[in-house]
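Step one of this worksheet: look at the structure below.
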Amino acid sequence: MSWFVYATVTLLSLVQGNPTVKSSQQQAPPTAEQSVGYVQQQQSTLEYNNMEPKPALTPAEAMPVEELNPSHYPARRAAHVAQHYLNTQHGSPFKLLGVDRVVSATSEEIAGVGMKYVVVFALKEMITNEPMGQCSAEVLYPIGEEQAPPQVQCSCEGLLHIDTKAQEEALYQQLKASDSLVSGHNIPDSYGFIAPEMKPFWHLGGVASSFVMLKESNESTLYNMAQVVNVTQQESQNKELTFQYHVLLHEMVSQEIIHWKLLVAWCPAEGVRVLQTEWQPKCHHCVAPPSNTTLTLYSTS
């Protein structure tokens, strides 16, 4: 009998297995929101693991370089700024440098600095109309609350190709030896005529005006000297000759005529310097010269 009871208990244990111990607190099933969140998290993790890393933006993508049409205003304005710069460095009563044509140009915005133009242009000497090779220039228009002049870096092939030292020295000695001071007005006159003896002073006025036009230029301007209203040689006690100029500058985009007075010093050894500049109040009755009398910058016709 005892053997039968023992065998029965052993059999029941093998069929039912060991009893499972359950917690007195049952875990609640997940809510619908928890289930959706879990699925989204799993999907996000899967997508992130399968995602290819994005390449970092290159400077060219962040600040693209734009090709400009060489014949359009933005390219021409940058080239003329470089022209003004070259005349402040190399101009004289017998050497005037000008843009013949723009070959190529690009623009690039530099964050926090300004707009940079890179321009390649053909240069010529305006008095003789002689080609002087190509120039490459970087023109930077700085940004800021107050307008700052453009910053220019420029290199040219043939700046020293034309030698005007003998002509400059001859004029200098002539003026030094003269008992009278040179003066002139309305250069050119209303017919576009410039007396031969006044041409060096027209050219000198153009070089001096380049100092102002360089300083006043921005991305929206294109300056040209329209006329020397008057020029008067001053008494000078040193080797430099000084001249008081009143010039008209033609801002070709707005068609505004702007008056400036300039005190200019020159001698062959030191080149051209502008000692003083004075902007004159806007002339309300002044308009751009008629098309038949408007001269391109530094024209000698």
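Couplings for region 87-95, taken from phi via the Karplus curve 6.51 cos²θ - 1.76 cosθ + 1.60 with θ = phi - 60°, read 5, 5, 8, 10, x, 7, x, 10, 9 Hz in order; Gly and Pro are left as x. Computed from phi, the 3J(HN,Hα) profile of region 68-75 under the Karplus parametrisation 6.51, -1.76, 1.60 (θ = phi - 60°) reads 10, 6, x, 8, 8, 4, x, 5 Hz, with x in place of Gly and Pro.
Spatially close Lys pairs in region 127-241, defined by Cα atoms under 23 Å apart and a spacing of eight or more places or different chains, total 6.
Taking amide H as placed 1.01 Å from N in the peptide plane, the amide H of Gly114 sits under 5 Å from that of Ile143, each at least 5 places away or on another chain. Ranked by solvent-accessible area (1.4 Å probe, protein heavy atoms only, all chains present), the residues Ser183, Ser236, Ser107 order from largest to smallest as Ser183, Ser236, Ser107.
Close amide H partners of Leu96, meaning residues 5 or more places away or on another chain with modelled amide H under 5 Å apart, are Met126, Ile127.
Roll a 1.4 Å probe over the protein chains and send me the accessible area per residue for region 140-273 in Å².
Numbers: 6790 Å² over 134 residues.
Using a 1.4 Å probe on heavy atoms only, each residue of region 140-273 averages 51 Å².
Accessible surface for Ile143 stands near 110 Å², nearest 10, in the context of the full protein assembly shown (1.4 Å probe). Across every pair of non-identical alpha carbons in region 51-209, the mean reciprocal distance, once inverted, gives a Kirkwood radius of 18.3 Å. Phi angles across region 136-153 convert, under the Karplus curve 6.51 cos²θ - 1.76 cosθ + 1.60 with θ = phi - 60°, into 3J(HN,Hα) values of 10, 9, 10, 10, 10, 9, x, 9, x, 5, 10, 5, 10, x, x, 9, 10, 10 Hz, Gly and Pro given as x. Placing Asp179, Asp163, Asp100, Asp189 in order of accessible area, with the largest value first and a 1.4 Å probe, yields Asp179, Asp163, Asp100, Asp189.
Its alpha carbons considered, region 106-155 gives a radius of gyration followed by a Dmax of 14.0, 43 Å. Near the amide H of Ala226, within less than 5 Å, lie the amide hydrogens of Leu248, Leu249, His250, all on another chain or at least 5 residues away, with H placed in the peptide plane. Across the protein chains, with a 1.4 Å probe defining accessible surface, the residues Trp266, Trp260 rank Trp260, Trp266 from largest area downward.
The values are calculated or read from the model by the stated rules, or taken from the named source; none is laboratory data. In this text, all values refer to a predicted model and were calculated from it rather than measured experimentally. Heads up: the accessible areas ignore ligands, DNA and RNA and are worked out on the full protein's heavy atoms, side chains in. Shrake-Rupley method; radii C 1.70, N 1.55, O 1.52, S 1.80 Å.
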